[in-house]
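Right, one structure below, let's go through it.
The values are calculated or read from the model by the stated rules, or taken from the named source; none is laboratory data. Small disclaimer: the values here were computed from a predicted structure and weren't measured. Cβ placement follows ideal geometry from the backbone for every residue including glycine, while neighbour counts extend to all protein chains displayed.
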Amino acid sequence: MAALPERAACRLVVGAPAIAHERGCEADLAAMIDAGLDAGAMPVLADLRARFAPDPEALPQVTVTMAPLSGYDTPTAAPAGEAPA
């Protein structure tokens, strides 16, 4: 923390554990930070985010079909045997 401005140090101290938690990569992240510190380099939060970001190719493709807004003003019939709400 002494090697960075206070604001940048705070972001790093909060951001690195957040990345580890969100991505489930605690051991890999710690190893990467340790290796960098051993080499005399401070971790860069943007680099950590990029390194541990999900692979876009592995993300599922989701298609959302939106209903027309005009349909929200039209009452729908209740299922058979039920009273309308």
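Before moving on, here are some points about what is shown:
- Conditions (1) surrounded by 14 or more Cβ atoms within 10 Å (Cβ to Cβ); (2) touching a residue at least 12 places away in the same chain (Cβ under 8 Å); number of the one not met by residue 3: (1)
- Here residue 35 does not qualify as at negative phi, free of Cβ contacts under 8 Å to residues at least 40 places away in the same chain, in a helix (DSSP H, G or I) and touching a helix residue (DSSP H, G or I) at 6+ places or on another chain (Cβ under 8 Å).
- Residue within region 48-62 that is modelled with pLDDT under 90, at positive phi and loosely packed, with under 10 Cβ neighbours inside 10 Å present: no
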